[in-house]
Amino acid sequence: MLDLYQRKIDYMRISITDRCHFQCAYCKNDHPRKLKHQDILSYEQLLLIVDQAIQLGINKFKITGGEPTIRKDYLFFIKELKKRNVQVTLTTNGSLFTKEDLELQNGLKKEWLITNGIGGFASSTILGANTRKYHGLLIAPLVPPARRFLILSKVDESIEIEGKKYNLYTNVGENYISQGFKYQREFEKEYLPIFKYEVENVEITKTICMEYGKNTVGIQYKIKNSGKPIKLNLAPIVNFRDFHSMSTDHIFNIRQEIKNKKVKLIIDENPQTPVYMNISEGSYIKHENDTFTNMFYIEEEKRGFYPKENHSVPGVYQIEIKPNEEKEISLICSLEENIEEIDVKELIKKEITRLEKEVEKGIKGKEDTKILRELILSSEQFIVYRPSFRLHTIIAGYPWFLDWGRDSLISFEGLLLATNRFEIAKEVLLTMVRDIKYGLVPNGYSGFDNRPLYNSVDASLLLFEQVKKYIEYTKDYDFIKENIYEKLEKIIENYIKGIDLDNNNIHLEKDYLISSGTPTTQNTWMDAKYGDFAATPRNGKAVEVNSLWYNGLSIMTELSKKFGKSEEAKQYEKLAKKCKKSFQEKFYNAKRKCLYDVLGDNKIRPNQLFSLSLTYPIIEPNSEIAYNTIETVEKKLLNSYGLKTLAKGEPNYIEIYEGDGFKRDMSYHQGITWVWLLGLYYNSLKNMIEAEKRKTYKTKLETKLKEFKEKTIKTFEKEIEQRDYQDMHRAISPLKKADDAIELDTSNMTLEEVVDQVLTLINKTREE
């Protein structure tokens, strides 16, 4: 549906009540009479209307009032709406939300993660409530970095003071949320996650740490008791299932062997791999068949998955703490047997020292800034060791992914070279060429049997660019000559001959351009599939593939000359020139002033930036085509935090990634913004500046680059200003400050300070 201005109508406002406890001038009702209860549509009736609206193409619903939170069971209505996989927003004055409500909602959205360097990790929310099936304190790879299993879901802490029990944990059930977060005073994470709680006169600080290179997690509790005698209870909640699966309606059969403070758990699902727990002091009370039922994963429900899971509670640790006593208690959970030898305090110290060294190495030679330190720390999480290869590799992302060839090579410079991790960079390059088959770098490895997977046309071509980057940073031609060059020759040779491994259908056509894929084969980076259905079929001659092909040929020309292979260099150079000529003749879309994404495909996508951003751009960076391309990308795709994968207004454009598996896969590369694409934009501008001979254009491009850098630091300020201007100058109900309005800048105020200031101003106004 279109409105009078030809704008697409894809949303519906639903006013669920006409009542409000405020009297704001902006929307004050000019008729004092309110509708009777029987005259207001029931939720069931509203949902019938919603279902009809969805069939007409409405996929966004804005819940308004009055004040919608006044109406009883409004959350039920919102929940039912979300089950329909539509976007739902709520317009509210927020006054009926308590501080606890806001803290809870905020805390459930913010997540933390630490890793162990072999593919394992610990992750949850800052409240300690698990909202994903991938959350847990020990997710252990049984065949590092693959076959990850959830071992320790969480530890529920409580304290008893004179018979009164205080639960410090927060858990989400289908119809309840335990309120332990009310006692939480702080969460911080620089190197490790730290939780601070306070109950009466008791302060508890909890620190979580994984042992690097081992499937072990240590939890340290520092207790300061300034009051009465207390008892600390620690209840480990365990499982033993593949981290992608769920334990539903499952009764755990666990055999326990207890020796001193060490507990050995033999779980029926995996008896060959025992789980070990140990505590520094206290007693262990064994439980029989104690099951934590129906832990509710909010985020899984949003993703269209079954959200409830059962876990086992094999027992509880109890520790007595006297009045005015301070204690440090350490709890360990591991797949390693000799855990009684581990000192958690030393483990924490060792891990922080290791991370500090990584940061110091990464900032060497650069301006030391807080954001750079955070980025180096973050990057460290993705570097893992594969024992079967005896080499390091790169995890594509947490919590789902393993090491993927394409993702490793896209991130190679930023993760390894820019952070001075040159020895690891060598290992990753060796990993990339280790299992080359028919000229294809593995795009990944099976999580079950480590079998290489070859469903990629671009991973092999990305390797050339990163080899060139490695040389630029290290000048280490010898390593490339001895270990990599012959593999690069094989890639070129096979791309010319043709490759049909895993239905890639890669071949060089008569116009010297690379064609690949089939309508049902996804082998570019836009590879989302649902079953056999390809969300973004980009078979044929893709713009980034041929940009990478030309770049690879040019780099091989350079390397062959360097290594004394002049005949090979001539052949590579000849082929590169023919490829470039054909590309420039065919790929420019003069009507849309940009490049075709795939020959014959008119959609505007960011992949065209590969033509300008590589070491050897296939489009002349100082050409009119280059300027038109960069301007089209800026206008249609660039925003504050990345590039859209498809221009707004194109067929099948989707702006938000949400809903069930099918909807998410269909939206994955159909408009969703990806951050890493900013690198292509940045490098395109750099290449254009370096190539530009005319001063006017050079200045213009340098200004663009400066603006881009500033925008990434101050992300939304300009956009907010533009929005405010539009709101103040719109034709209908312009947002303008009233003549008697009082302005109050709350930017640097706490919530309590804001309230105090507002009350002061109100009283002052009354006096005047």
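The table below lists the values:
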quantity	calculated
Residue within region 446-453 that is in contact with a Pro (Cβ under 7 Å, 6 or more places away or on another chain) and either free of Cβ contacts under 8 Å to residues at least 60 places away in the same chain or of a type outside the set (S, T, Y) (or both) present	yes
Region 562-584, subset part of a helix (DSSP H, G or I) and basic (K, R), residue surrounded by the most Cβ atoms within 10 Å (Cβ to Cβ)	K580
Selection status of E631, part of a loop (DSSP other than H, G, I, E, B) and in contact with a strand residue (DSSP E or B) (Cβ under 9 Å, 6 or more places away or on another chain)	no
Test: residue in region 184-201 that is without any contact (Cβ under 8 Å) to a residue 12 or more places away in the chain, loosely packed, with under 15 Cβ neighbours inside 10 Å and in contact with a Lys or Arg (Cβ under 6 Å, 6 or more places away or on another chain)	yes
Single unsatisfied condition, L96 versus (1) in a loop (DSSP other than H, G, I, E, B); (2) surrounded by 22 or more Cβ atoms within 10 Å (Cβ to Cβ)	(2)
Yes/no for L559 being surrounded by 22 or more Cβ atoms within 10 Å (Cβ to Cβ), part of a helix (DSSP H, G or I) and in contact (Cβ under 8 Å) with a residue 60 or more places away in the chain	yes
Scope region 13-27; condition surrounded by fewer than 17 Cβ atoms within 10 Å (Cβ to Cβ) and either at pLDDT 90 or above or at positive phi (or both); matching residues	R13, S15
Flag if L614 is without any contact (Cβ under 8 Å) to a residue 24 or more places away in the chain and within 30 Å of V467 (Cα to Cα)	no
Segments classed as strands (runs of 3 or more DSSP E), wholly inside region 181-287, with at least 3 members that are of a type outside the set (G, A, S) and closer than 17 Å to A122 by Cα	184-189, 193-199, 202-210, 216-225, 230-242, 275-279
Every pair of residues 6+ apart whose Cβ atoms lie under 9 Å, when the first sits in region 277-292 and is within 11 Å of Q256 (Cβ to Cβ) while the second is in a loop (DSSP other than H, G, I, E, B) and among the β-branched types (V, I, T)	H287/V313
Some residue of region 617-627 being at pLDDT below 95, in contact with a helix residue (DSSP H, G or I) (Cβ under 6 Å, 6 or more places away or on another chain), closer than 16 Å to Y550 by Cα and surrounded by 19 or more Cβ atoms within 10 Å (Cβ to Cβ)	yes
Residues (surrounded by 15 or more Cβ atoms within 10 Å (Cβ to Cβ) and either in contact (Cβ under 8 Å) with a residue 24 or more places away in the chain or small (G, A, S) (or both)) located in region 161-177	I161, Y166, L168, Y169, T170, N171, V172, I177
Residue in region 434-446 that is nearest to the chain's Cα centre (by Cα), counting only those that are part of a loop (DSSP other than H, G, I, E, B) and within 25 Å of K497 (Cβ to Cβ)	N443
Region 513-554, residues that are of a type in the set (V, I, T), crowded, with 20+ Cβ neighbours inside 10 Å and not in a helix (DSSP H, G or I)	I514, T521, T524, T536
Selection from region 639-660 of residues that are modelled with pLDDT of 95 or more and not polar (S, T, N, Q)	L643, K644, L646, A647
Condition broken by G365, with the remaining ones in (1) modelled with pLDDT under 95; (2) on the phi < 0 side of the Ramachandran plot; (3) out of contact with any strand residue (DSSP E or B) (no Cβ under 6 Å at 6 or more places or on another chain) satisfied	(2)
Exclusive hit being crowded, with 18+ Cβ neighbours inside 10 Å and among the charged types (D, E, K, R), set K481, K487, K510	K487
Top-ranked residue in region 388-402 [being closer than 18 Å to L417 by Cβ and not aliphatic (A, V, I, L, M); ranked as surrounded by the most Cβ atoms within 10 Å (Cβ to Cβ)]	T393
Long-range neighbours under 6 Å by Cβ, at least six apart or interchain, first residue without any contact (Cβ under 8 Å) to a residue 24 or more places away in the chain within region 569-580, second surrounded by fewer than 17 Cβ atoms within 10 Å (Cβ to Cβ)	A569/K561
Sole residue being free of Cβ contacts under 8 Å to residues at least 60 places away in the same chain, within 23 Å of N539 (Cβ to Cβ) and surrounded by 16 or more Cβ atoms within 10 Å (Cβ to Cβ), chosen from K593, K636, K603	K603
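Residue by residue, here is whether (1) surrounded by 12 or more Cβ atoms within 10 Å (Cβ to Cβ); (2) modelled with pLDDT of 80 or more; (3) in contact with a Lys or Arg (Cβ under 7 Å, 6 or more places away or on another chain) holds:
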site: Y682; (1), (2), (3): yes, yes, no
site: M688; (1), (2), (3): yes, yes, no
site: R694; (1), (2), (3): no, no, no
site: K698; (1), (2), (3): yes, no, no
site: L701; (1), (2), (3): yes, no, no
site: A741; (1), (2), (3): no, no, no
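Residues are listed down the side, and each one gets a yes or a no for (1) at pLDDT 95 or above; (2) within 30 Å of the chain's Cα centre (by Cα):
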site	(1), (2)
I491	yes, no
L513	yes, no
A534	no, yes
E544	yes, yes
G552	yes, no
M556	yes, no
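Residues checked against (1) modelled with pLDDT under 95; (2) over 30 Å from R538 (Cα atoms); (3) of a type in the set (S, T, N, Q); (4) part of a helix (DSSP H, G or I):
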residue	(1), (2), (3), (4)
I371	yes, yes, no, yes
I394	no, no, no, no
G397	yes, no, no, no
W400	yes, no, no, no
L415	no, no, no, yes
E423	no, yes, no, yes
L429	no, no, no, yes
M432	no, no, no, yes
F448	yes, no, no, no
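The values are calculated or read from the model by the stated rules, or taken from the named source; none is laboratory data. These numbers were taken from a predicted model, which means no experiment stands behind them. So basically every Cβ, Gly included, is an ideal-geometry build from the backbone, and we count neighbours across all protein chains shown.
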